[in-house]
Amino acid sequence: MSDAGEFIDAALQREGDWYRAQDARGRLGSELRFFGASVGAVRGTVRDAGRRHPGLTHDQITALSSELWAVPVFERRLAAIVLLQSNVRLLTNSDLTRMESFVRDARLRALVDPLAVDVIGPMIEELEEPGRTRAEGVLDRWAADADIWLRRAAVLSPLRALRAGADGWAGFTRRAAMVLAGAPGAGEDGIIVREAVALVLDEMPATH
């Protein structure tokens, strides 16, 4: 394990609380392990790691995110997302392959949603052409994928840009139509994808 990875893991374990871990496990219904560290503690730990290891390159950031994600502990995976969010301007469209793997593996709103809204969407907003067009094509592919979590991520990813008034409405509506056309009927799978569309629509002004 890298020095930064060891620091983050040890800090998260110190910040853990057995009762909070038990509550999170019951609330999220996940097979992941939980340290019981708060979201604030996760963010603070990643911030402290950045101070201890300044100037990390793109490759070091992405490698550290994969290192954190590889161990099935909720707080480690959330730390990987916070790390990517904090360094989103270093990311490129080639990193979408890694993001796709994370989304497929996450299978939790509490991980998929911040990954889509706070990492994938902002990353795409920072891209210049032709990388931006290629990334939009990846989101279209996700919207038609059989994996419901990829479809959810495809719909949620432009949320921050849309909140700010950026021109992402056409892409959202196209992917929302794709997602809804393939949405399962009853059950949790259908809820997961339809809920994502509703979450975006609920934040949009009536002019849309």
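With an 8 Å cut-off on Cα pairs and a minimum separation of 6 or more residues, tell me the relative contact order of the range 55-208 in percent.
On the way: 166 pairs, mean separation 28.3, N = 154.
Relative CO of the range 55-208 lands at 18 percent.
For the chain, which whole percent of the accessible surface, found with a 1.4 angstrom probe, sits on carbon and sulfur atoms? Kindly include the intermediate steps, with their values, before the conclusion.
On the way: 5110 of 10050 Å².
Carbon with sulfur: 51 percent of the solvent-accessible area.
For the range 1-141, what relative contact order do you get, as a whole percent, if you take Cα pairs closer than 8 Å and at least 6 residues apart? Mind showing how you got there, number by number?
On the way: 143 pairs, mean separation 29.8, N = 141.
Relative contact order, the range 1-141: 21 percent.
Along the charge dipole of the range 35-82, which of P54, A41, A70 sits closest to the positive end, that is, farthest toward it, with unit charges on the beta carbon of Lys, Arg, Asp and Glu (+1, +1, -1, -1)?
A41
Counting only residues 5 or more places away or on other chains, whose amide H sits under 5 Å from the amide H of R107 once H atoms are built in the peptide plane?
Here the answer is none, since no amide H 5 or more places off falls under 5 Å of that of R107.
Using a cut-off of 14 Å between beta-carbons, work out the net charge of the residues near A166 (Lys and Arg +1, Asp and Glu -1, A166 not included). Let's see the in-between values first.
Numbers: positive: R132, R160, R163; negative: E125, E126, E136, D167, E203.
Summing Lys and Arg as +1 and Asp and Glu as -1 gives -2.
Rounded to the nearest 0.05, what FRET efficiency do A63 and R14 have when you use their Cβ-Cβ distance and R0 = 30 Å? Mind showing how you got there, number by number?
Numbers: r = 24 Å, r/R0 = 0.79.
Calculated transfer efficiency: 0.80.
Estimate the FRET efficiency between F7 and L127 by the formula 1/(1 + (r/R0)^6), using the beta-carbon distance for r and 41 Å for R0, to the nearest 0.05.
The calculated FRET efficiency here is 0.85.
Report the label-to-label distance for D140 and S94 in nanometres (one decimal), using points 7 Å from each Cα along the Cα→Cβ vector.
2.4
Give the angle, between 0 and 90 degrees and rounded to the nearest 10, that separates the Cα long axis of helix 169-181 from the longest principal axis of the Cα atoms of the chain.
Helix 169-181 sits roughly 90 degrees off the main axis of the chain.
Starting from the residue with the highest accessible area, list D3, D113, D167 in decreasing order, probe 1.4 Å.
Values: D3 110, D113 30, D167 145 Å².
Putting D3, D113, D167 in descending order of accessible area: D167, D3, D113.
Heavy-atom accessible area per residue, the chain, 1.4 Å probe: how many Å²?
Details: 10050 Å² over 208 residues.
I get 48 Å² per residue for the chain.
What is the packing order of peptides 153-164, 83-94, taking the mean over residues of other C-beta atoms within 10 Å and listing the highest first? It would help to have the intermediate numbers written out before the result.
Working: 153-164: 22.2, 83-94: 18.7.
Descending mean neighbour count gives 153-164, 83-94.
Taking the Cα centre of the chain as the origin, how large is its charge dipole in debye, to the nearest 20, when only Lys and Arg (+1) and Asp and Glu (-1) carry charge on their Cβ atoms? Don't skip to the answer; put the middle values down first.
Numbers: 26 positive and 30 negative charges, 51 e Å.
The calculation lands at about 240 debye.
The values are calculated or read from the model by the stated rules, or taken from the named source; none is laboratory data. Just so you know, these numbers come straight off a predicted model, no measurement behind them. Every residue, glycine among them, receives a Cβ derived from its backbone with ideal geometry; neighbour counts consider all protein chains shown. Note: areas computed on protein heavy atoms with side chains; ligands, DNA, RNA excluded. Shrake-Rupley method; radii C 1.70, N 1.55, O 1.52, S 1.80 Å.
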